[in-house]
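Asks: Just passing along the structure, written as structure tokens.
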Amino acid sequence: MSGGLTGRFGERMEVCEVSFFDEKVQDLYDEVVARNPGEVEFHQAVREVFDSLGAVLVKHPHYADSGIIERLCEPERQIIFRVPWVDDAGAVRINRGFRVEFNSALGPYKGGLRFHPSVYLGVIKFLGFEQIFKNALTGLPIGGGKGGSDFDPKGRSDGEIMRFCQSFMTELYRHIGEHTDVPAGDIGVGGREIGYLFGQYKRITNRYESGVLTGKGLSWGGSQVRTEATGYGVVFFVREMLNARGQDLDGKRVVVSGSGNVALYAIDKVHQLGGRVVACSDSGGYVVDEDGIDLELLKQIKGVQRGRVSDYAEKRGAPAYFVSSGSIWDVPTDIAIPCATQNELNADDAANLIAHGCTIVAEGANMPSTPEAIKAFSSSGVLFAPGKAANAGGVATSALEMQQNASRDSWSFEHTELRLAQIMRGIHENCLRTADEYGAPGDYVLGANIAGFTHVADAMLALGVI
């Protein structure tokens, strides 16, 4: 870092000054770990941002002196509650619900709800912390938050999911509102769950407050493109990465991990722009289809039949085949788009991608690449787009949904998709511009972290110590 700073800001910058601020950042990180024991995902998310801050503190030392960094790492509010519900057999079940309202300097807390057995406070805090900077990068007036439960919707009937969602909202409703905190969906929370949650909110409050949740159905306050937004957005970001180097997606070979909503629409947009997605996955393994993934068949299996990618291979036939072991990142590709879950792509996977000539990795999921994988990409010259920049299209379109709800308006698909593409282009330009400013041309991680941090930090300073 010290060499880059000397080259960017002039010879008068002393190495010891850089070292001092690196030590300051390390001390702050150690304090975060001590205050939040056992929350390894949150520690990882904080570390990833902190690794970019030494350069900022050299140029703007007032951030270190103001307590801004400490306040950024401490949620404004952490809510944990019991969620009792009754299954189809009449047995009472108990889950734990969470909502972490992390930072509202830029606007109401905004971030999804995740229903998955892996959910605990550390996961929600990591997601909420990432959301602060992701939302800031969109340029829209939304703060950062996240929520969810350790409830597993897999294998549950519609009735069980409805009863769980109603119980969850019976507690959550008192903490949210269109000017306070606006949840959306995430893993395990799609249109069905948002409908049940919104119905219970409306029933309890006796208000049709459309802007309290996003990801709603089109017939009751939802936005065009919201379903597609995260997947489309990450591919728009990839397109900008390629355009900056005089290339495009036409003819590019792409691997997309996952087969949920984000993955499906990433596949869709890659195909629209001339690329070919040759593999996707789920928790059971991955499928390779050299002719290109048949999106309509995959949507039918995953979205309607709630089946597995192994079913896709069986119904598709040759040349498609299913692999139950190993890693999807063993499949040679030009572009990798991890869209499954956190830490799914490790150092060995990165080595495989690099060996096979992969040139771009763009995160469709939240923090799917381990720190070791990111370092491998950086050292080998692979362009790497972190999730807080590349997958911001989902929350950006949620904010567009909030705009439409507030004005009692409804926009066309074409208009909304154009706005999404413009926002992703703006994020890409901001990342590159910021990376250049801080002496790290082409470093999307540093550019995203610093651009997001300074936007939020400046707002916090303006609002005083609150």
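The values are calculated or read from the model by the stated rules, or taken from the named source; none is laboratory data. Predicted model only: the values in this text are computed from it and were never measured. Here Cβ is always computed from backbone atoms with ideal geometry, including for glycine, and neighbour counts include all displayed protein chains. These accessible areas exclude ligands, DNA and RNA; they are computed on the full protein's heavy atoms, side chains included. Shrake-Rupley method; radii C 1.70, N 1.55, O 1.52, S 1.80 Å.
Asks: Hey, can you rank 404-412, 298-306 by average C-beta count inside 10 Å, highest first? Before the final figure, lay out each step's value.
Replies: Numbers: 404-412: 13.3, 298-306: 15.9.
Going from most to least packed, we get 298-306, 404-412.
Asks: Grab segment 52-193 and count how many Lys pairs have their alpha-carbon atoms under 28 Å apart, sequence gap of 8 or more, or different chains.
Replies: 10
Asks: I've got another one for you. Assigning unit charges at the beta carbon (Lys, Arg +1; Asp, Glu -1) and nothing else, what dipole magnitude in debye, to the nearest 20, does segment 77-205 show about its Cα centre?
Replies: Values: 17 positive and 13 negative charges, 39 e Å.
Dipole magnitude for segment 77-205 comes out near 180 debye.
Asks: Please list H271, H179, H356, H43 from largest to smallest accessible area, probe radius 1.4 Å, with all protein chains kept in place.
Replies: Working: H271 65, H179 160, H356 85, H43 20 Å².
The ordering from most to least exposed comes out as H179, H356, H271, H43.
Asks: Given just the C-alpha atoms of segment 77-205, how large is their convex hull per residue in cubic angstrom?
Replies: 94 Å³
Asks: Whole number in Å², please: accessible area per residue of segment 77-205, 1.4 Å probe, ligands, DNA and RNA not counted. It would help to have the intermediate numbers written out before the result.
Replies: Values: 4470 Å² over 129 residues.
Per-residue accessible area for segment 77-205 comes out at 35 Å².
Asks: Could you give me the ³J(HN,Hα) list for segment 22-37, computed from phi with Karplus coefficients 6.51, -1.76, 1.60 and θ = phi - 60°, whole Hz, x at Gly and Pro?
Replies: Those phi angles translate into 4, 5, 4, 5, 4, 4, 5, 5, 4, 5, 4, 5, 5, 7, 10, x Hz.
Asks: Follow-up. Pairs of lysine in segment 228-390 with Cα under 18 Å and at least 8 positions apart or on different chains: total? Don't skip to the end; give the middle numbers.
Replies: Numbers: K252/K269; K269/K299; K269/K302; K299/K315; K302/K315; K375/K388.
Taking segment 228-390 as the scope, the lysine pair count is 6.
Asks: Separate question: So what are the ³J(HN,Hα) numbers for segment 172-187, from phi and the Karplus equation (6.51, -1.76, 1.60; θ = phi - 60°), rounded to whole Hz, Gly and Pro as x?
Replies: So the J values, rounded to whole Hz, are 5, 4, 6, 10, 10, x, 5, 9, 10, 7, 10, x, 8, x, 7, 4.
Asks: Which one, H62, F50, I337, is farthest towards the positive end of the dipole of the chain when Lys and Arg carry +1 and Asp and Glu -1 on their Cβ?
Replies: I337
Asks: What residues have an amide H closer than 5 Å to that of G307, excluding those fewer than 5 places away on the same chain, when H is modeled at 1.01 Å from N in the peptide plane?
Replies: Distant-sequence amide H within range of G307: K302.
Asks: Summarise the accessible area of segment 19-105 (1.4 Å probe, protein heavy atoms) by the percent that is carbon and sulfur.
Replies: Details: 1950 of 3930 Å².
Heavy-atom surface of segment 19-105 belonging to carbon and sulfur, 1.4 Å probe: 50 percent.
Asks: Can I ask one more? Rounded to the nearest percent, how much of the accessible area of segment 228-390 (1.4 Å probe, protein heavy atoms only) is carbon and sulfur?
Replies: Numbers: 2710 of 5870 Å².
For segment 228-390, the apolar C and S fraction of the accessible surface comes to 46 percent.
Asks: Based solely on its DSSP helices, what 222 nm [θ] is calculated for the chain when runs of n ≥ 4 H residues each add -39,500 (n - 2.57) and the sum is averaged over all residues, nearest 500 deg cm²/dmol? Could you put the intermediate results ahead of the total?
Replies: Values: 19 runs with 226 residues, N = 466.
Calculated mean residue ellipticity at 222 nm is -15000 deg cm²/dmol.
Asks: Rounded to whole Å and sorted largest first, what semi-axes of the equivalent ellipsoid does the C-alpha gyration tensor of segment 370-416 yield via the square root of 5 times each eigenvalue?
Replies: Values: eigenvalues 266, 22, 5 Å².
Semi-axes, largest first: 36, 11, 5 Å.
Asks: At a temperature of 20 °C and a viscosity of 1.002 mPa s, determine how fast segment 228-390 diffuses translationally according to Stokes-Einstein, using the Kirkwood radius over alpha-carbon pairs as Rh; express D in µm²/s, rounded to the nearest whole number.
Replies: 140 µm²/s
Asks: Explain nothing, just the number: dipole magnitude of the chain about its Cα centre with +1 on each Lys and Arg Cβ and -1 on each Asp and Glu Cβ, in debye rounded to the nearest 20. Don't skip to the answer; put the middle values down first.
Replies: Numbers: 45 positive and 59 negative charges, 284 e Å.
Its charge dipole is roughly 1360 debye.
Asks: Additional query: List, in order, the whole-Hz ³J(HN,Hα) value for each residue of segment 255-269 obtained from phi through the Karplus relation with A = 6.51, B = -1.76, C = 1.60 and θ = phi - 60°; use x for Gly and Pro.
Replies: Per-residue couplings from phi come out as 10, 10, 7, x, 8, x, 4, 4, 4, 4, 7, 5, 4, 4, 6 Hz.
Asks: Applying a 10 Å radius around every beta-carbon, put 206-218, 319-331, 183-195, 79-91 in order of their mean neighbour count, most first.
Replies: On the way: 206-218: 18.8, 319-331: 17.2, 183-195: 21.8, 79-91: 13.1.
So the peptides 206-218, 319-331, 183-195, 79-91, ranked by packing, come out 183-195, 206-218, 319-331, 79-91.
Asks: Still on this structure, please answer the following. How much accessible area does L297 have with a 1.4 Å probe, in Å² rounded to the nearest 10?
Replies: Surface accessible to solvent at L297 totals approximately 40 Å².
Asks: While we're here: I'd like to know which of L172, Q78, I187 lies farthest towards the positive end of the charge dipole of the chain, counting +1 on Cβ of Lys and Arg and -1 on Cβ of Asp and Glu.
Replies: Projecting each Cα onto the dipole axis, the largest value belongs to L172.
Asks: Percentage of Cα-Cα pair distances in the chain greater than 36 Å, rounded to whole percent? Each step should come with its number before you reach the end.
Replies: Numbers: 28281 of 108345 pairs.
The share of Cα pairs beyond 36 Å in the chain comes to 26 percent.
Asks: Could you rank the peptides 45-56, 222-233 by their average count of other C-beta atoms within 10 Å per residue, with the highest value first?
Replies: Values: 45-56: 21.5, 222-233: 25.6.
The most tightly packed comes first, giving 222-233, 45-56.
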